[in-house]
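The values are calculated or read from the model by the stated rules, or taken from the named source; none is laboratory data. On a predicted model such as this, the values are computed, not experimentally measured, just so you know. Cβ placement follows ideal geometry from the backbone for every residue including glycine, while neighbour counts extend to all protein chains displayed. Protein only, heavy atoms only, side chains kept; ligands, DNA and RNA dropped before computing areas. Shrake-Rupley method; radii C 1.70, N 1.55, O 1.52, S 1.80 Å.
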Amino acid sequence: MNNNPVEIQDAGERDTTAAVAISAAVPTGGVVQTPAPANPAQVALLSRERAILEFNRRVLAQAQRPDVPLLERLRYVCIVSSNMDEFFEVRYADLLEASKLRGTGVTPLYLADISAEAHELVRDQYEVFNSKLLPQLCEAGVVILNHADRDETQRDWVARFFRKQVQPLLTPIGLDPSHPFPQVANKTLNFIVKLAGKDAFGRDNAIAIVRIPRVLPRVIKLPANVSGGRQAFVLLSSVVRAHLTELFPGREIEAFSQFRLTRDSDIEVDEDDVTDLRKALRSKMSTRQFGQAIRMEVVHSCPVELSDFLLEQFNLAPEALYKVHGPVNLGRLTQLIDQADSEGLHFAPYVPSWPDDLPRLEILDSLQDGDVMLHHPFESFDAVVGFLREAVYDPDVLAIKQTIYRTGSESVLMELLLEAVRRGKEVLAVVELKARFDEEANINWAERLEALGAQVVYGVVGLKTHAKMMLVTRREGTRLRRYAHLSTGNYNPKTAKLYTDVGWLTASPEITSDIDMIFQHLASLNQPKTPHQLLLAPFNLHKRMLREIQRVTEAARAKQTARIVVKVNALTDEPMIRALLEAGQAGARIDLIVRGACMLPPGLAGISDRIRVRSVVGRMLEHTRVIYTRWGRGKDDESLYLSSADWMNRNMTRRIEIAWPVHDAKLRQRVIDECLVPYLLDGRDAWQQLSDGRYERVGQDGHSAQQALMDRYRADS
C-alpha cells in the first residue's frame, strides 16, 4: 500500500491539519441523473428490501469473478443462500405481517414485486452454480456425482453408506387420518413421495414424507479408492433419492421431490411482561423452528400436484414456491468447500501481523504512552485476547467488565472471563440475550458465568446492547487505574479473521470513565451522566451525528469547505438520510461507503448529485464504521468517530451503541489512510450505486483496498 496520504478534500485545496482529508480523485461516472423534487424532504427513498437483494447480487457477482479461486466462488454462492434464508426468516416475514396492517405502506403489489425480484435472484444463483461453477470445478478435478454419473463401484459404495449410515435414521411417514402431516422444522431437508398401490392394510394412502435428520452430513466425500482419481463428492439428497424405493418395500414410487420450508425465525418476547428474560427466551427457542411458514423450496422436477399439496399444507401462496435446479439448500455446500483440498482453489492463507505499536507483554503498561489502534483482520485479534489474558492473570487487576453480543459457542475470551472469576476478580458481563441466532450460545455463557459467581446482567428492557466494550481496573500503588478496549465489531475470534473492524486500546481517563459510567448505567438502570468523550445511543449518538451533518451543511451554504465521508454497513435511518440530502444540495461533497442496504438515492439532479455511494464486496466482510466530517479549513473544523452503530433507526433509537472520537493526529491519519481512502480509490471490489438503487462495478483490474491492507500487514511481509 502507498504510505503517502491521499487527500480527502476538494480539488485544488491543501489541508494543513493532521488529518489530511479524503481525495476528490474518485470519478463520478455511472451516476444516473434524473429529475428530483427541489425539497430533500420530498425525495422518495429507495426500498430497503430491494437494497438487501441488490447486496446479495453483488455477493453473487463474486462467484463469477475469474480472479477468485473456484472453491471461494462456490463459497459466495453459499453465502447468498444463507443470506436469502435470513431475508425470508426475518425481513420478508416482517413484510408479510406489515401487509396485514393498515398504514404500513406494504401493499400486495409491493410484496409481489419483492417476491418476483427474490425469485429472479435465486434463478440467477442456480444458473451460476450449474452453468459456471460445476463445469469449472469438474475441470479442476472436483466433482459432485449424481446417481447417473456414478460408476458401478461408486454406486456400490453409496449403497453401503446408505444402508449403514443413513437408512437406520430414516422413518417414512405415510399420511392418513391417524398419521397427519408431520411437523416440518425450519430449513430441514425432507422428501415428499407419491406412491402407487396399496399400503399394508389395503388402503390407497398415496403420500409419504421422509424427514432427513440434521445429524447426517449433507456432503459426503468418496474415498480415494473409488473416486476415480478425482475429489468426488455425493450429496445426501442424492444418496436418499437413489434409494427411496428401499424405504417403501412393496410400493411403486410414482413421483417425489426434495423440499425445504423456511419459517419466520424471529424470537419475540414482551419484555414488559416477563420476570426472567433468560428463561422466557430459552422457552421461546424451542418453538423457533416452527414459526409461520414463509417459503417453500422444491426441485424443478417436482410435479405440480405435489408442490400444490405442500403449499396447501402450509397455507402458502403460489409465489412462496421456489422451484430450483439443484439441491434445495446450496448453503450446505460449505461442507464440500471445507473437505476439498485442491491447491489453488482456495484463497491463499493469510496470517495477520501483531500490531507494531503494541508489545506482546505488559500490554497494560504500554497503554500509558498512548492509545493503540487495532485493524482487524489485517492485524491479529490475538492482541485483544492478549489484553484480556494479561488482565486475568495480573494479581493487581481487581475488576473486568465486558459486553457480550456475538462470541460464538466456543470462545477463548469467555473462557478467560470464567478464569477471572475463579481467580477472585470482580467480573461484570453484560450479555445481550437477543442477539439474533446467537441467543442459545449467549444464554449458555451467561449461565456458566453466573454459576461461578460473576455478575451477569442483560442490558436494558426494550434495547439491545450492541456496544462493544471491555474495561479493566487495576490497583497501581495507592490509586486505581482503568484500561479499556472498544471495537466496531464483536468479541468473536472466528469472525475477527473474516470481518474488517477497528479495535481501540486506551488508558484515557476520560474515555475509561465514560465506559465505566455506561456499565454502571446498564447494571443499575440509573439515568446515565453525560459522557465526556463517548457518544451513547439511544441518548445522544443520533443527535450528535445529525449535528455533525448540520455543521457541514451550514459550511456548504457559507461556501466553506464542506466534506462528509461515512463508512457503515447499512444506511436506512430516514432523518440521517434527509440530513445528508440537505447537505448535498447545499454543496457539501459526500462519499458514503455502505456495504449493504442503502436507501439514499445518489445522483439526483439538484439534490444528491454531489453524493456518491459505493459498496465494497471482497474477500473480507466490510464491518468497520467510520464517520468523518469537515465544516471549514480550521484546525478544529473536523471530526472523526469510530462506532459500533450502523446508520439505521434501530441502532440509533432501540440499541445501546457507542461512538468514540479519534483525537490523536497520528491515529486519525491512520484511520483515514486505512479505513477510508483505500475504499474510495478501490477499483476492483467496489460498486457504484445508481439513483434507482442498482449498482455498477467500478472496475476489475484496479486497486483493491483489502488486498493492499493484507499486503501491508501480513505477518511474513
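Tabulated values for the structure
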| quantity | calculated |
| --- | --- |
| Those residues of region 642-662 which are over 21 Å from GLY596 (Cα atoms) and at pLDDT below 95, in sequence order | ILE656 |
| Filtered residue count, region 669-698, keeping only those that are open to solvent by 30 Å² or more (accessible area, probe 1.4 Å) and under 18 Å from LEU486 (Cβ atoms) | 1 |
| Only listed residue being farther than 30 Å from VAL226 by Cβ, out of contact with any Leu (no Cβ under 6 Å at 6 or more places or on another chain) and exposed (fewer than 14 other Cβ atoms within 10 Å of the Cβ), chosen from GLU120, GLU139 | GLU120 |
| Some residue of region 542-564 being assigned to a strand (DSSP E or B), under 22 Å from the mean Cα position of the chain (by Cα), at pLDDT 95 or above and under 22 Å from THR653 (Cβ atoms) | no |
| Number of the exception - ALA605 against (1) at pLDDT 95 or above; (2) in contact with a Pro (Cβ under 7 Å, 6 or more places away or on another chain) | (1) |
| Matching entry among LEU45, LEU71, LEU101 (being part of a helix (DSSP H, G or I) and either open to solvent by 20 Å² or more (accessible area, probe 1.4 Å) or at pLDDT 50 or above (or both)) | LEU71 |
| Residue among ARG448, ARG423, ARG406, ARG389 that alone is among the basic types (Lys, Arg), touching a residue at least 60 places away in the same chain (Cβ under 8 Å), out of contact with any His (no Cβ under 8 Å at 6 or more places or on another chain) and surrounded by fewer than 21 Cβ atoms within 10 Å (Cβ to Cβ) | ARG406 |
| Complete set of residues in region 475-486 that are buried (at least 20 other Cβ atoms within 10 Å of the Cβ) and either farther than 26 Å from ALA383 by Cβ or in contact with a Phe, Trp or Tyr (Cβ under 7 Å, 6 or more places away or on another chain) (or both) | HIS485, LEU486 |
| Some residue of region 353-372 being touching a residue at least 40 places away in the same chain (Cβ under 8 Å), assigned to a strand (DSSP E or B) and surrounded by fewer than 20 Cβ atoms within 10 Å (Cβ to Cβ) | yes |
| Single condition ALA583 does not satisfy, out of (1) out of contact with any His (no Cβ under 9 Å at 6 or more places or on another chain); (2) in a helix (DSSP H, G or I); (3) open to solvent by 10 Å² or more (accessible area, probe 1.4 Å) | (3) |
| Single residue of region 242-259 satisfying the filter (out of contact with any Leu (no Cβ under 9 Å at 6 or more places or on another chain) and outside any loop (DSSP other than H, G, I, E, B)) that is surrounded by the most Cβ atoms within 10 Å (Cβ to Cβ) | ALA242 |
| Which numbered condition ILE577 fails, given (1) open to solvent by less than 10 Å² (accessible area, probe 1.4 Å); (2) over 29 Å from the mean Cα position of the chain (by Cα) | (2) |
| Flag if VAL626 is crowded, with 24+ Cβ neighbours inside 10 Å, of a type outside the set (D, E, K, R) and within 27 Å of SER704 (Cα to Cα) | no |
| Selection from region 74-90 of residues that are modelled with pLDDT under 95 and buried (at least 22 other Cβ atoms within 10 Å of the Cβ) | GLU89 |
| Close pairs (7 angstrom Cβ cut-off, 6 or more residues apart or separate chains): of a type in the set (Gly, Ala, Ser) in region 106-118, open to solvent by less than 60 Å² (accessible area, probe 1.4 Å) anywhere | ALA118/LEU53 |
| Qualifying residue in region 461-473 (condition: at pLDDT below 95, open to solvent by 60 Å² or more (accessible area, probe 1.4 Å) and assigned to a loop (DSSP other than H, G, I, E, B)) | yes |
| Selection from region 491-537 of residues that are surrounded by fewer than 17 Cβ atoms within 10 Å (Cβ to Cβ) and β-branched (Val, Ile, Thr) | THR530 |
| Filter result for the condition that a residue is surrounded by fewer than 24 Cβ atoms within 10 Å (Cβ to Cβ) and either assigned to a strand (DSSP E or B) or touching a Ser or Thr at 6+ places or on another chain (Cβ under 6 Å) (or both), over ARG619, ARG633 | ARG633 |
| Selection count, region 425-443, where residues are at pLDDT 85 or above and either polar (S, T, N, Q) or out of contact with any Leu (no Cβ under 9 Å at 6 or more places or on another chain) (or both) | 0 |
| Matching entry among PHE162, PHE191 (being at pLDDT 95 or above and in a helix (DSSP H, G or I)) | PHE162 |
| Odd one out for ARG155 among (1) farther than 26 Å from SER82 by Cα; (2) open to solvent by 70 Å² or more (accessible area, probe 1.4 Å); (3) modelled with pLDDT under 95; (4) not small (Gly, Ala, Ser) | (3) |
| Matching residues in region 324-333 - criterion: being in contact with a helix residue (DSSP H, G or I) (Cβ under 7 Å, 6 or more places away or on another chain) and open to solvent by 10 Å² or more (accessible area, probe 1.4 Å) | HIS325, GLY326, PRO327, ASN329, GLY331 |
| Qualifying residue in region 392-412 (condition: of a type in the set (Asp, Glu) and not in a loop (DSSP other than H, G, I, E, B)) | no |
| Qualifying residue in region 339-348 (condition: of a type in the set (Phe, Trp, Tyr) and closer than 30 Å to ALA484 by Cβ) | no |
| So VAL427, is it within 17 Å of GLU390 (Cα to Cα), touching a helix residue (DSSP H, G or I) at 6+ places or on another chain (Cβ under 6 Å) and not in a strand (DSSP E or B) | no |
| Only one of SER380, SER411 that is out of contact with any helix residue (DSSP H, G or I) (no Cβ under 8 Å at 6 or more places or on another chain) and surrounded by 17 or more Cβ atoms within 10 Å (Cβ to Cβ) | SER380 |
| Residues located in region 662-699, provided they are farther than 30 Å from ILE607 by Cα, in contact (Cβ under 8 Å) with a residue 12 or more places away in the chain and not in a helix (DSSP H, G or I) | VAL662, ASP664 |
| Test for ALA570: is it touching a residue at least 24 places away in the same chain (Cβ under 8 Å), among the aliphatic types (A, V, I, L, M), open to solvent by less than 40 Å² (accessible area, probe 1.4 Å) and touching a Lys or Arg at 6+ places or on another chain (Cβ under 8 Å) | yes |
| Whichever residue in region 181-224 is basic (Lys, Arg) and in contact (Cβ under 8 Å) with a residue 60 or more places away in the chain and, among such residues, is least open to solvent (accessible area, probe 1.4 Å) | ARG218 |
